[in-house]
């Protein structure tokens, strides 16, 4: 364990997932022993067992099983990433979303209390903020969830804050914005756009829904570093705190498409497809990362152009010019 990292053992739920699989080796590099909890919901395998990694196949909704894991390993801290994230799935299967995200979280919290675990970092969402113009701020912007996913995440924030207050634990909550990267089982937008662009035509046509909404896109490696920084600083500050995990920059979907076209050297035409419009789709979701930057010495290292070039290269698409990484 490095002198600056405060925890010997960290339990990571969703540790085999898109973000979790990148956090685990970073925690290992800090010298922490990592208990990787995952039930394979998104189809990604648990890591191999090693001196510093203990993989555990368990569903967080299984109260007895998750309590037993916590009682056995008694981690110093928990990073809670496990959830149903895919927005269409949450809308189509709200019972599943609430079962995993809300009741599963309660099972984890109950087991943590019984095992004496008093430190948790939780992955919430920037979508918990009320629809507003300008950058969304942890201290000033009010919350106001509107879709199933954000409602479950805002519920989690209340659950965890209440749990911390009752048990005397510490809970720092990351409001995570739109994460992009290779290997995201929920990342349909960028692969869909690439498939449509990669037709070999000089002016490919991309069919999309609403292209006006702006989002704060953050690369997955920056996200993983952010969660490690939050764990590292968890003993500091208030018992319950909220941090935006974002870049502070935004792109519309149309701008995202244009940037991908530039990187592929083609002039992309966008065609509106009403069947692709979401019933609930906020026009803006820009985060203010100032608190995380100032309090945790973290800063995004990947701008959107570099992140897209990396994703495209990983997926086998040719990137023109000097943007290849």
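The values are calculated or read from the model by the stated rules, or taken from the named source; none is laboratory data. Quick caveat: nothing in here was measured; it's all calculated off a predicted structure. When we count neighbours, we look across all protein chains shown, and the Cβ atoms used for this are built from the backbone with ideal geometry, even at glycine.
Restricting attention to segment 17-45, and to residues there that are outside any strand (DSSP E or B) and under 19 Å from residue 111 (Cβ atoms), which single residue is farthest from the chain's Cα centre (by Cα)?
Looking at the filtered set, the residue picked out is 39.
Among 205, 268, which is the only one that is more than 22 Å from the chain's Cα centre (by Cα), over 22 Å from residue 139 (Cα atoms) and buried (at least 20 other Cβ atoms within 10 Å of the Cβ)?
268
I'd like the full set of residues that are in contact with a strand residue (DSSP E or B) (Cβ under 6 Å, 6 or more places away or on another chain), free of Cβ contacts under 8 Å to residues at least 24 places away in the same chain and assigned to a loop (DSSP other than H, G, I, E, B), limited to segment 46-82.
Hits for segment 46-82 are 49, 58.
Is segment 157-172 home to any residue that is more than 17 Å from the chain's Cα centre (by Cα), modelled with pLDDT of 95 or more, over 21 Å from residue 100 (Cβ atoms) and assigned to a loop (DSSP other than H, G, I, E, B)?
Within segment 157-172, one or more residues are more than 17 Å from the chain's Cα centre (by Cα), modelled with pLDDT of 95 or more, over 21 Å from residue 100 (Cβ atoms) and assigned to a loop (DSSP other than H, G, I, E, B).
Within segment 121-138, track down each residue that is without any contact (Cβ under 8 Å) to a residue 60 or more places away in the chain and over 12 Å from the mean Cα position of the chain (by Cα).
Of everything in segment 121-138, those that are without any contact (Cβ under 8 Å) to a residue 60 or more places away in the chain and over 12 Å from the mean Cα position of the chain (by Cα) turn out to be 128, 130.
If you take the residues of segment 81-101 that are in contact with a helix residue (DSSP H, G or I) (Cβ under 6 Å, 6 or more places away or on another chain) and surrounded by 18 or more Cβ atoms within 10 Å (Cβ to Cβ), which of them is nearest to residue 233 (Cα to Cα)?
The extreme case among them is 81.
When segment 240-250 is examined, which residues are found to be farther than 30 Å from residue 162 by Cβ and buried (at least 20 other Cβ atoms within 10 Å of the Cβ)?
247, 250 - these are the residues of segment 240-250 that are farther than 30 Å from residue 162 by Cβ and buried (at least 20 other Cβ atoms within 10 Å of the Cβ).
Being over 13 Å from the mean Cα position of the chain (by Cα), at negative phi and either surrounded by fewer than 17 Cβ atoms within 10 Å (Cβ to Cβ) or not in a helix (DSSP H, G or I) (or both) narrows it down to one residue among 152, 182; which is it?
182
Restricting segment 221-242 to residues that are in contact with a helix residue (DSSP H, G or I) (Cβ under 6 Å, 6 or more places away or on another chain) and either part of a loop (DSSP other than H, G, I, E, B) or outside the structural domain of residue 18 (by TED's automatic domain parsing) (or both), which is farthest from residue 198 (Cα to Cα)?
Looking at the filtered set, the residue picked out is 239.
Quick one: is residue 273 in contact (Cβ under 8 Å) with a residue 24 or more places away in the chain and buried (at least 18 other Cβ atoms within 10 Å of the Cβ)?
Judged against the criteria, residue 273 is not a match.
Quick check, is residue 175 buried (at least 22 other Cβ atoms within 10 Å of the Cβ) and in the same structural domain as residue 72 (by TED's automatic domain parsing)?
Working: buried (at least 22 other Cβ atoms within 10 Å of the Cβ): yes; in the same structural domain as residue 72 (by TED's automatic domain parsing): yes.
Spelling it out, residue 175 is indeed buried (at least 22 other Cβ atoms within 10 Å of the Cβ) and in the same structural domain as residue 72 (by TED's automatic domain parsing).
Which of (1) modelled with pLDDT under 90; (2) surrounded by fewer than 20 Cβ atoms within 10 Å (Cβ to Cβ); (3) more than 29 Å from residue 121 (Cβ to Cβ) does residue 284 not meet, given it meets every other one?
Unmet condition: (3).
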